[in-house]
Structures are given as structure tokens and as C-alpha cells.
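Trainee: Okay, handing you the structure first.
The values are calculated or read from the model by the stated rules, or taken from the named source; none is laboratory data. Model, not experiment: these values are computed from the prediction. With ideal geometry, Cβ positions are generated from the backbone for all residues, glycine too; neighbour counts draw on all protein chains shown.
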Amino acid sequence: MRPTRPAAPTSDATAGDPPPGEEEVSRSGFLRGGALALGAGAVGTALASGPSALAAPTEGGDRRGGRGVDPNPDYRRPRITRLKTVTGPGITTRFRMEATDLGAPALTPDGRILVIFGDTFEEAAVGGGWWRSPVGLYADPRRRLDTGLSWTSAVGGETAEGLVEYEHDSDPVSTILPGDVLTVGDTMYVWVMVNHGFGNVGSTEIWTSEDSGETWERTAEMFPGDHLDGFSQQCTWALHPTDGHVYLLTTGFQRDKEAILQRVPQDSVLDPEAYETWGATGEGEDQEWAWGNDPTPVLGGEVGEMCLRIVEDRWVLTWFNAGLYRADVLIADSPTEIQEPRFTETLLWGCTWGQEDDERVAQLYGPYVLPGSTLEDMHLLCSQWNTGEGWPYHVQQYRVQGLGTAAGLG
């Protein structure tokens, strides 16, 4: 769970206001307060224009539902299917985790799928007992993705234990949340954000596992929360197949910043001094990009959770576009081409509760690309949290068919 969530669209709520009568953010406020991430202005403008402003494009028309003139009549949008709910009552009850979110996946060194979740509770409600974060579940990679993930076990054994034990205490640590998980050789890494109260990342850490995620060590303190002006809190990363570097897209935790690109030698992931940023000097025709420059944003807007993966030799990024209340995807030929990708598309559109379908998702965030995905058959994990009711607070699996064809790569 993130301390900042898109709040259920309403006409009388002010983004980020504490509950009546509370001067400070309480624990319940921390768990439920969320409109900061979405951006009240963006949602307010959309809602003022009616529900269609948050809707997916209609066949043969524009994204506002009008007919218009199609500038690319041969384009075929990828087909999106809401495939399966993968956490919740009767699904993850046996792991004592009916309420959870996020879901960053990776292949383990021994070949299983491990998915790392955020704030987790035993009962089907935010705050519903036994709070821990992060936790992990395993799935069998031999099972076809189009049948939906099926969990085989948890990190911790029969129940989903926290990867590392610590006390949830608002002074100083309220919760520790995962950014992304990475496998390099026989080592797994989890980038985490140590929260000191509501939306305040005090620092980042990297935890490691040498046994395919069964046990974890709180290995390395990495960066203070204000490192790179706060642009190095939320993280997604991927190992380059040939050049020996791990590439990271990072941004702030609060979903109010653009994203920057960093890299680190794969043998130096735990060394904060080994990280370097990608940036531009000069302007116009004289602009030059290079490693070691001060960072220049490569992904614009208000960026939330991200997932950078290599899919069929292409660099694929999915992310929660918080400012526009949707989940987007881009495809690039290399990490340094992310700022000018060869293809971009919106996969899931935010909407209000009661207006959902396969492409419209109320209070969405994430999403994350599952191992085994291809450009023609990609599978995503995407979260929902009804902040007004406290439930649903779960993760769902989506199928994206035809992305490669839409990008001209099929």
C-alpha cells in the first residue's frame, strides 16, 4: 500500500485534507489518505467534463467518445482483458493475507515466479489485522499465464511473513514499501522505501536474498530521501543482457515528479557511489546527453509506480500515469531511448466505481509485467484500492494482446 493513492472521485472532497477534527495525519489517515497522488486538478477537470473524460477511446472515435477523424485508420489497439483477481478472500486467505497491493514480479534463480507485495493485512480490509510489508508469494512458471497466476507458497512458509521483521511505528518507521525486485545471477535484490510517516521517504534500502527469495537480509542503506532532489525514491530496474549494467528509472514517492534514468554496474548494486545519472547539457541542436551529467527527466508527467522489463529484446516500461489517471506503456530499443520511445499507448483508463469494464479500472495503480510475457501476449498485475470503503484493496491480472502488432513489431 502506498501512503498516496488516487481517491475515489467525489465533488466535495479536497485532496489531501485530514479527516474532520484531526490536525495531524493519523494512522488511519496514513492508510487511507490518497488523493495527493492522483492530482486533484487533473481529476477535477476530468470529472467536470463528465465520465467520458476518464474513459477509453471508442471504436472509430477519439478519446472523448466523439466520432472525429481517425488520423491512423489502420491502427489496431491492443486487446485488454481483465483476466483474474489474484489476491483476496478465498485466493490468498491460506497465507493470512486477504488484503494487499502492488505486486512486483521476478523470476527467481531456481526458476519460480516471485511476486513482492506492499502493505498487507490478514483480513479483507485496509487495517484488517497483522500488518506487514513487504511480503512475497510464489507461482509456478510452468502454468500458462492466460489461465491466471496460481500461488504455490509464500515467503515464510505456510503464511506470508514480512521479508524482514521490523515494527510499524510512525516514529520513526511507519512502513517499508517495495519499489521493485531484481535477479542478478544467484542474488535477488529488493529496492525498498523507508517511510517516516505519511508520504515521507526517509531513506531507501536494498535487501538481498541468496536462496531464491526464501529469506532476506536488510543488506544496504542506500540513499537519503532527498537524494537527487527526491528523484531517487521510487524505483524500477532491469539488467542489461550484454553491457554489465543495471538500469534504473527513479522518481519521487508522492507521484508528483517526472522520472530520471540511472545505471550501476551489476556487481556494484549495493554501492551507492557506483550509481550514475543520465542527463543532457546544452539546448536545441547543441544538446548532448551523457552518463555522469546531472539527471534530466526522461519520462514526463506525474509518475507513480513503474515496471521496466526487457521483453523480446525490447525495453518495455509500464507505469501509473498519475497526472492523467491511467496506466501507460512504452517500448524502446535501449534504456537511453526511453525519452524518445518508438511506441507509447494507454492500456488501462481510470474511472469511477460502477463504470468499470476490461479497460476502465476504478482507483487503479501499478502495473507490473509478469515474467513469461511477450509483446503479443503480455500480462500485468494492477492494484485497486477503494479508499472510501477500505475494500477492494487487491491485485488483479490483466492480459494485453497485440501490443507488438500495434507497435509495428508483430
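Trainee: Please report, ordered by residue number, the strands (runs of 3 or more DSSP E) entirely within the stretch 70-160 with at least 3 residues that are under 18 Å from Ser212 (Cβ atoms).
Mentor: Strands (runs of 3 or more DSSP E) meeting the threshold: 102-107, 113-117, 135-139, 151-154.
Trainee: Report yes if some residue within the stretch 222-230 is under 23 Å from Tyr365 (Cβ atoms) and assigned to a loop (DSSP other than H, G, I, E, B); otherwise report no.
Mentor: yes
Trainee: Do we have any residue at all in the stretch 331-349 that's closer than 24 Å to Ala99 by Cα and not polar (S, T, N, Q)?
Mentor: So far as the stretch 331-349 goes, yes, one or more of its residues are closer than 24 Å to Ala99 by Cα and not polar (S, T, N, Q).
Trainee: What are the residue pairs meeting all of these: first residue in the stretch 89-111, first residue on the phi > 0 side of the Ramachandran plot and at pLDDT 95 or above, second residue outside any strand (DSSP E or B) and aliphatic (A, V, I, L, M), Cβ atoms under 7 Å, and 6 or more apart or on different chains?
Mentor: Note: pairs meeting the criteria are Arg96/Ala160.
Trainee: Here's a follow-up. Do we have any residue at all in the stretch 173-187 that's surrounded by 17 or more Cβ atoms within 10 Å (Cβ to Cβ), in a loop (DSSP other than H, G, I, E, B) and not β-branched (Val, Ile, Thr)?
Mentor: yes
Trainee: Among the residues of the stretch 306-323, is there at least one that is crowded, with 17+ Cβ neighbours inside 10 Å and over 20 Å from the mean Cα position of the chain (by Cα)?
Mentor: No, the stretch 306-323 contains no residue that is crowded, with 17+ Cβ neighbours inside 10 Å and over 20 Å from the mean Cα position of the chain (by Cα).
Trainee: Could you tell me which of the residues Ala220, Ala238 is surrounded by 18 or more Cβ atoms within 10 Å (Cβ to Cβ), closer than 21 Å to Pro265 by Cα and hydrophobic (A, V, I, L, M, F, W, C)?
Mentor: On inspection, the qualifying residue turns out to be Ala238.
Here's the yes/no breakdown for (1) in a strand (DSSP E or B); (2) over 14 Å from Ile338 (Cβ atoms):
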residue	(1), (2)
Arg255	no, yes
Leu261	yes, no
Asp267	no, yes
Leu270	no, yes
Gly279	yes, no
Glu285	no, yes
Ala290	yes, yes
Asn293	no, yes
Thr296	no, no
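Trainee: Given Gln355, Gln287, which one is modelled with pLDDT under 95 and of a type outside the set (D, E, K, R)?
Mentor: Just a single option satisfies the conditions, and that option is Gln287.
Trainee: Please find, within the stretch 336-392, the residue that is surrounded by the fewest Cβ atoms within 10 Å (Cβ to Cβ) out of those that are in a strand (DSSP E or B) and of a type in the set (Ser, Thr, Tyr).
Mentor: So, considering only residues that are in a strand (DSSP E or B) and of a type in the set (Ser, Thr, Tyr), the one surrounded by the fewest Cβ atoms within 10 Å (Cβ to Cβ) is Thr344.
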